[in-house]
Amino acid sequence: MTIVSMKGIAKSFGSSVALADFTIDIRSGELICLLGPSGCGKTTALRILAGFERADSGTMLIDSKDISDLPPEKRGFGMVFQEYSLFPNMTARQNIEFGLRMQKIGGASRKETVDRMIDITRLEEHADKFPHQMSGGQKQRVALARAIAISPRVLLLDEPLSALDAKVRESLRDEIRRLQLEIGVTTIFVTHDQYEALAIADRVGVMSNGRLEQLASPRELYEAPANSFIAEFIGTTNTFSAQRRPDNKWEVLSKQLNSIIAPANGAVARAVIRPEQIALDVRDDGDGTILTISFLGAISRVIVADPTHGHIVADLISADAARLRIGDRVAIRIRDDVTEVVLFGVDVA
Amino acid sequence: MTSQAAAQKRSHIFRAAFLILIAGYFALPLLAMARFAFQNVPMALLTPEKLLTGWSAAGLQTALTDPQIISATWTSIQIVVLSIILNLVILVPLAIVTEVRNPALRPIITALTLLPWVIPPIALVVGVAATFRIAAPWFLASNLSLVPFYALWAMPFTYRLLDAGLRAINARTLYEAARGMGASFPAVMLRVILPNMRSSMIASAALTTALVLGEFAFASLLLKSTLPTEMVTFERSDPRGGLALALFVMVFTAVILGLVVRAMRRRGLTFHASGV
């Protein structure tokens, strides 16, 4: 069931367009990530939904009710900000309690909710600390507990992990997902980090220039991107030219493949090949030369300079990559198990 | 010794010499002032043997018991308190609304708050006096008519302190976080923003105090009897006592400011005074 519906939302700041015809439907209980490069409008979309900015045009429905004119305090959303937004004059417990007090929830019930929030966010040791006595990760856990304590209709997270270091970011990311599944709250998570988005989202909305380019599951985004922007934005891509064969198959690097979506009009297209779909054969007459080999654990990333295709990125099982040396001549081909390919028109790609 | 270590040592010596020079620049006049105020030995007769003779706090005692000085001190204290209140009543809401609602206006407001320093006291006093002498003569008759001048005069310092304090606590995000949780505008102000502005408000008050206790031009031009103007009058009849009093007021103000800062640090509050 759709709980949040934003239709045709437009917003400009002076001459710069932040959102142009932004439309999205979010289902109850799902975690949506809005992903895109800086300035794509993802935070503006969230702030408009929260009521902190006013849209120039468009409609916003929550449970089929128009909320465009409701002030932030009447929308019933919980929000976590990028900056630690804890109230410095209050302890963790008082911060969590704040929203409940504002909603005039009675003493016993309020205490019970705060205790439960402290318990599920594992903040028992820090409950009576002030924000300046806590680490960044602990502060964001308090901010999260504070946002969900008021039982929000929708939880809004505006780049909540970007101020944290890598290790804390990863563990808090998993904690957010665990909590979200535990309490089943519909969540919109804004991030510019695609790994973060792909790791926790039910669906990811990729934005560019104030528009939602595609809203799909992480796997679908990766395997069947709707356009070349998404293909290049999500993960790493190599592009090769593809020729249409008479049997409507496409030939890429001498291999015949079926087109997954959007077969381009005309006889020539660009094929998106992911690094893990590439195989390298060491051959003295190979066109490519290995430039770098980076060991990444289970896999190794190999960059090959090819006179025709430029720099090609290949991810190989580390055991296979161990046979390769920098400077080896290699032939580049598509792995045997790859049968389908994503194509874009030449003019677009 | 390597040439790098020698260069480092030279740099240390240069820095120490520079610091001693600067310290001397500030300390020597004060020491000379203290000697004159508390040692009753003329400079021409001062020999090493007489360095420890003739010291007395009688001049300060006379000054502190002078009825005119006591009355002027009381007036100045009233002016300090009222100036702090007026300054904060005007500037706290202005700074909050600018930061939270219209951050784009900040450069304009910051520039406007500098205006009191662009206009010299004589122009301000003459202009205001000419206006009020006709419209509200009772206003200029009272000693407290200095309060608006001092509130205005302190504005460039205090606005910057309040603005820096608001930015340091990320007031806009705190405001939005609180509103998002259902708090009304007054509730956000009373429970979130104002409690977190304590340090910048105390710092503003301390600066206003220092400014008022040292201000002479406005009070003299408006013929008001405040501590600084009375100190000058007193000094004319009793130079030693006058200087002793001036030194006392200066040390007293510095100690009060130091205690305020210490008390704030103990409570985990710090000054956020970038741009001041």
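Taking every Cα-Cα distance in the range B:2-82 and sorting them into 5 Å bins from zero, the calculated P(r) comes out as 3, 11, 11, 11, 11, 12, 11, 9, 7, 6, 4, 3, 1, 0 percent. Name the residue, out of A:Leu156, A:Leu324, A:Leu280, whose mean-square fluctuation peaks in a Gaussian network model built on chain A with Cα pairs under 10 Å. It is A:Leu324. Here the label points at B:Phe139 and A:Ile303, each 7 Å from Cα along the C-beta direction, are separated by 7.2 nm in the simple model.
Rounded, prolate or oblate: which fits the range A:2-227 when a ≥ b ≥ c are the square roots of the eigenvalues of the alpha-carbon gyration tensor, with rounded for a/c under 1.5 and prolate only if a/b beats b/c? It comes out prolate by the Cα gyration axes. In the range A:171-265, the ratio of gyration radius to Kirkwood radius, Rg to Rh, stands at 1.10 when only Cα atoms are counted.
Of the two radii for the range B:91-158, the radius of gyration is 1.08 times the Kirkwood radius, both from the alpha carbons; that is the Rg over Rh value. The chymotrypsin sites (Phe, Trp or Tyr not before Pro) of the range B:155-223 that meet both conditions, a loop assignment by DSSP and at most 16 other Cβ atoms within 10 Å of the site Cβ, are B:Phe216. Centroid-to-centroid, using Cα positions, the range B:197-266 and the range A:229-248 are 77 Å apart. As a proxy for reagent exposure, ranking B:Trp55, B:Trp138 by other Cβ atoms within 10 Å from fewest up yields B:Trp138, B:Trp55.
Restricting the range A:1-86 to trypsin sites (Lys or Arg not before Pro) that sit in a DSSP loop and have at most 13 other Cβ atoms within 10 Å of their own Cβ leaves A:Arg54. Think of the protein assembly as shown as a dipole: +1 on every Lys or Arg Cβ, -1 on every Asp or Glu Cβ, centred on the Cα centre; then among B:Ala187, A:Gly137, B:Val261, B:Val261 lies furthest on the positive end. Could you work out which residue, out of B:Phe14, B:Phe149, B:Phe38, moves most in a Gaussian network model of chain B, that is, has the largest mean-square fluctuation with Cα springs under 10 Å? The residue that fluctuates most here is B:Phe14.
Given the DSSP H assignment, sum -39500 (n - 2.57) over each helix run of at least 4 residues in chain A and divide by its residue total; what's the result at 222 nm in deg cm²/dmol, nearest 500? So the helix-based figure for chain A works out to -7500 deg cm²/dmol.
The range B:90-158 and the range A:197-211 have Cα centres separated by 51 Å. Between B:Arg236 and B:Ala5, the FRET efficiency from the beta-carbon distance, with R0 = 60 Å, is close to 0.55. At q = 0.05, 0.07, 0.09, 0.10 Å⁻¹ the log10 of I(q)/I(0) for the protein assembly as shown amounts to -0.41, -0.70, -0.93, -1.03, computed by Debye summation with a single uniform scatterer per C-alpha, solvent ignored. Pull out a ≥ b ≥ c, the square roots of the eigenvalues of the alpha-carbon gyration tensor of the range A:113-239, then state rounded if a/c is under 1.5, prolate if not and a/b is larger than b/c, and oblate in the remaining case. Because a/c hits 1.5 or more and a/b exceeds b/c, the range A:113-239 counts as prolate. Cross-link pairs exceeding 31 Å in C-alpha to C-alpha distance, out of A:Lys129/A:Lys167; A:Lys42/A:Lys249; A:Lys11/A:Lys111; A:Lys111/A:Lys139; A:Lys42/A:Lys74, comprise A:Lys42/A:Lys249; A:Lys11/A:Lys111.
Show me the trypsin sites (Lys or Arg not before Pro) within the range A:258-336 that DSSP assigns to loop and that have at most 16 other Cβ atoms within 10 Å of their Cβ. Here the trypsin sites (Lys or Arg not before Pro) that fit, given the DSSP loop and packing criteria, are A:Arg283, A:Arg323, A:Arg325, A:Arg335.
When DSSP assigns beta bridges and you keep just the ones with both residues in the protein assembly as shown, what percent turn out antiparallel, to the nearest 5? Each step should come with its number before you reach the end.
Values: 57 of 77 bridges.
The antiparallel fraction comes to roughly 75 percent.
Karplus-based coupling profile of the range B:250-263, in residue order and whole Hz: 5, 5, 4, 4, 4, 5, 4, 4, x, 5, 4, 4, 5, 4, with θ = phi - 60° in 6.51 cos²θ - 1.76 cosθ + 1.60 and x standing for Gly or Pro.
Can you compute log10 of I(q)/I(0) for the range A:236-345 with the Debye formula, treating each Cα as one identical point scatterer, at q = 0.12, 0.21, 0.22 Å⁻¹? Per q value, in the given order, log10 I(q)/I(0) is -0.41, -1.07, -1.14.
Okay, helix-only estimate at 222 nm for chain B: each DSSP H run of n ≥ 4 adds -39500 (n - 2.57), divide by all residues, round to 500 deg cm²/dmol; what do you get? Value at 222 nm, helices only: -24500 deg cm²/dmol. Cα centroids of the range A:1-55 and the range A:119-142: how far apart, whole angstrom? Value for the Cα centre distance between the two parts: 30 Å.
Quick note: the coordinates plus some simple rules give every number you see, no bench work behind them. None of these values were measured; they are calculated from a predicted model. Backbone-built Cβ (ideal geometry, glycine too); neighbour counts: all protein chains shown.
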